1. Can you pull out every residue in segment 153-166 that is within 21 Å of C200 (Cα to Cα) and free of Cβ contacts under 8 Å to residues at least 24 places away in the same chain?
2. Do you know which residues across segment 185-202 are in contact with a strand residue (DSSP E or B) (Cβ under 9 Å, 6 or more places away or on another chain), open to solvent by 50 Å² or more (accessible area, probe 1.4 Å) and not charged (D, E, K, R)?
3. Residue check: is L179 under 20 Å from P125 (Cα atoms) and in contact (Cβ under 8 Å) with a residue 40 or more places away in the chain?
4. Out of D126, D171, D144, report the one residue that is more than 30 Å from the chain's Cα centre (by Cα), free of Cβ contacts under 8 Å to residues at least 12 places away in the same chain and open to solvent by 40 Å² or more (accessible area, probe 1.4 Å).
5. Quick check on this structure: which one of G132, G182 is open to solvent by 40 Å² or more (accessible area, probe 1.4 Å) and at pLDDT 95 or above?
6. Which residue pairs have Cβ atoms under 8 Å apart, sit 6 or more places apart or on different chains, and have a first residue in segment 204-232 that is farther than 21 Å from G152 by Cα and a second that is of a type in the set (D, E)?
Amino acid sequence: MIDKKKFEECEGADFNLTRALSGLIIILGGLAYLFRALGFIDFDFNFWSLWPLVVVLLGLMLLSKKNLVSDAVGVITIILVLVAVFFVIFSPPASIPEEQPEINKIPIFLFYYKQSEDEGLACGPDAVLPVGREIESTMTPIKDAISLLIKGELTEEERAQGFTTEFPNEDFKLLDVNLKDGVLYLEFTEVPGFTTGGSCRISLLTNQIIKTAKQFLGVNEVVLLPESIFQP
């Protein structure tokens, strides 16, 4: 006769996949935190995110302990889970892209010459008209606007409408801006030959700068420096 007691002892000695997997996960987690406490590794991981393992453990509990196929599936499952746990714990965290700060824009006008509006080619300020632009909101809007003006970047549509400009000149730069008691002092580099060429041309150059500057609050008068820079 078969000894019932010995049979139950043998049966209880069967390999338990669920217990084995649970034990390995606990050991792995404990070692990971131990090594981190000792300074050997550094990671930031929340073990609560491994909740899908509960589903795996429940599945393993349903496997037959007497079936070789079930045992093989269980062993493979354990290996895959361990690899996944290692990967999740020790892989570097995905970098979160930094949010780009929102850049505030302010609308401005740049003034350029429109020959079709210049009756009799008088080269007066009435023919120097605005085109719309946007600049970043900074502490120096006047400097930014004048610097953009002298780049002379007209669009194809604006040129088709008849706008023209003598700007830019790579050597002609805005050096200093100073607003005092309603008077705006603008200092430029002096470029021989660029700021001369007859009263018509000088009028157009200066009016583009002056009208662009006067759109800003507090600018009542504009002085262009050096004093000899815009001479016919």
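1. R159
2. Start the filter on segment 185-202 by keeping residues that are in contact with a strand residue (DSSP E or B) (Cβ under 9 Å, 6 or more places away or on another chain), which leaves 185-189, 195.
Keeping just the survivors that are open to solvent by 50 Å² or more (accessible area, probe 1.4 Å) gives 185, 187.
Of everything in segment 185-202, just one residue is in contact with a strand residue (DSSP E or B) (Cβ under 9 Å, 6 or more places away or on another chain), open to solvent by 50 Å² or more (accessible area, probe 1.4 Å) and not charged (D, E, K, R), namely Y185.
3. When the stated conditions are applied, L179 does not pass them.
4. Details: D171 fails: free of Cβ contacts under 8 Å to residues at least 12 places away in the same chain; D144 fails: more than 30 Å from the chain's Cα centre (by Cα).
That would be D126, the only listed residue that is more than 30 Å from the chain's Cα centre (by Cα), free of Cβ contacts under 8 Å to residues at least 12 places away in the same chain and open to solvent by 40 Å² or more (accessible area, probe 1.4 Å).
5. Just one listed residue meets the conditions, G132.
6. Taking only residues 6 or more apart or on different chains, the pairs are P226/E187; P226/E190; S228/E190.
The values are calculated or read from the model by the stated rules, or taken from the named source; none is laboratory data. What you see is a predicted model, and the numbers here were worked out from it, not measured in a lab. All Cβ positions, glycine included, derive from the backbone under ideal geometry; neighbour counts span all protein chains shown. Accessible surface is based on the protein model in full, side chains and every heavy atom, while ligands, DNA and RNA are left aside. Shrake-Rupley method; radii C 1.70, N 1.55, O 1.52, S 1.80 Å.
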